[in-house]
Each structure stands twice: as structure tokens, then as C-alpha cells.
Amino acid sequence: MPNNPPLTNMTEIFTEIEQHVKTLAETTVSNFKNEAIADAQNLVATIKSDIIRWTNLLSTGQIKITEFEFLVGSEKSLVSMLSLQQAGLAQLRIQNFLGGVLNIIIDVALKKVIGNTI
Amino acid sequence: MKNIFFIRLIVVFTIMLISFSCKVPQYAILSDNANNMIVIKAKDLIDKSTDSYSTHAMEIANLKVQVDSIVVEENNRKMNQATIAMWSIVQKDKFSLYGFFDLWQQQNTVSPAAVAEMNQKLLSILNIIQTWEQRKKGGPLFNK
């Protein structure tokens, strides 16, 4: 374990990440390349401070390689959870809307049938 | 007279409907308590992961039993796919809670600096389930 090693050059790391992301987008999702690159850039920007901190912890020997991999991977789990939450919320909104439609049907029908006969 | 009877009937029916819909189901309260307990126990275990895995193996096994039983309950509820999928990530994803326990077991101990970072990430994952459960029971649907 090195003692007080120089902090890793983060600019170099992020430049290389960006290059690899572009290549990955071209080879895997070429039809949506631009959207995929934009999504990837947003993701990297969101977790950039985490990556910098974790990379420094790794380079100073404070965390192991497996722990670094776990931390970066946990972002994937977090993104999956947030996607599920968003999809679930969309479904709940639809259910609420349909519930509202049924209430309107009841209200209008009762008003017409009973309200008008009072 | 017949119309007044109908109106009274509708008023009584509406009051009953409102009172039933406002009541939080017992299973939901139990589910909330169980979720909270899991978050508390998970945090406690992650904090202790600088210790040898074997000293906490029993607590980990107990927590897994609790999570597994929640998942069984959630599977029995209708229209519950999102919750089930979220718990599935906690159980099966390599980089979620069970994956963390596997890592801890493989390494025997987790580095102190990693514990603080992992605690934050893993609790964020579990908190999403709690937030989601609150929203299902009438929490905000449009806020983040």
C-alpha cells in the first residue's frame, strides 16, 4: 500500500471515460447514438464527485479494487431502482386518473337520475 | 318519500366508502414497520462490516430471512410489480444489499473508508422502497 501517493489525474480519467462511452454507443446503440451519449454524459456528471472521491480512496489504498467496483456498481442498482419508481409512479397516475373517471361517471349519473327527480 | 330514502341511502353509502378508504390497511402498517426495521438493521450491519464477517453471520442470516418474508408477502398482493422488482434488486443485484453481504463474506472485512460510502449508497437504495411505499398509500405522485 503506497504512502501518500500523488492523487490520480482525474481529467485524464474522465477524458478516457468519455472516449470509451462514445465507442460503446457507436457499437451497441448506433441508431440512438446521440441520445445514448447524452444519457451517459448526464450519468457521469451526476456521479462525478463520487467517482473522484472513490478513485482517490482507491489510489491512496483506503479502499480495495473490489470495493471500488462495488461502489460504482451500486450506482447501477440505484438507477434501476429509480427507473422502477418512475415507471410505478406513471402507473399509479394512470390508476388515479381512471379512478377519477369512474367517480365522474358515478357523480354525473346520480346527479342526472336522482338529482333531477328531487 | 322514495327519493329521500334514496338520497339517505347514498349519503350513508358515501360516508361508509370514505371511512373505509381513509383507513390505512393493517398489512400496510405492518409492511411499513417491517421496512423500517430492515433499514435500521441493514445500516447497523453495514456499520459493523469492518468486523470479521463470521461474528455477524447470524444477524445477516436473520435479516435475509426478514427480507425474504417481506418479498413473499409483497408477492401475494395485486398490482405490486414495482415493489417486487425493487426487492428483487435488493436480493439479487450484485451491487445491492445481498451483494454487499457476499462481498463482506469474501473479504472477511470491509475497509473503513468503503463502509461509509457503501452505507450511503445502500441506504439510498432501501429508502427508495420506503418512499415508493408511502406514495402508493397516497403520497405525492408528481414530486421527486
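The values are calculated or read from the model by the stated rules, or taken from the named source; none is laboratory data. Model, not experiment: these values are computed from the prediction. Positions of Cβ are backbone-derived with ideal geometry, glycine not excepted, and every protein chain shown enters the neighbour counts.
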Study note, to complete from the structure: Selection from segment A:26-81 of residues within 11 Å of chain B (Cβ to nearest Cβ) and not in a helix (DSSP H, G or I) yields A:THR60, A:GLY61, A:GLN62, A:ILE63, A:LYS64
Exercise for review: Working carefully through the options A:THR27, A:THR55, find the one that is over 16 Å from B:GLN120 (Cβ atoms) and modelled with pLDDT of 90 or more.
Suggested key: A:THR55
**Study point:** Failed item in (1) out of contact with any helix residue (DSSP H, G or I) (no Cβ under 8 Å at 6 or more places or on another chain); (2) within 25 Å of B:GLU117 (Cα to Cα), with B:LYS48 passing the rest
**Key:** (1)
Practice item. Would you check if B:VAL115 is part of a helix (DSSP H, G or I) and not aromatic (Phe, Trp, Tyr)? Key: yes
**Study point:** Tally of residues being assigned to a helix (DSSP H, G or I) and within 10 Å of chain A (Cβ to nearest Cβ) across segment B:73-86
**Key:** 6
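So, in segment A:39-60, how many residues would count as being of a type in the set (D, E, K, R) and in contact (Cβ under 8 Å) with a residue 24 or more places away in the chain? Before you say what the answer is, go through the steps one by one.
So in segment A:39-60, the residues of a type in the set (D, E, K, R) come out as A:39, A:48, A:50, A:53.
Next, from what is left, pick out any that are in contact (Cβ under 8 Å) with a residue 24 or more places away in the chain: A:48, A:50.
So the count comes out to 2.
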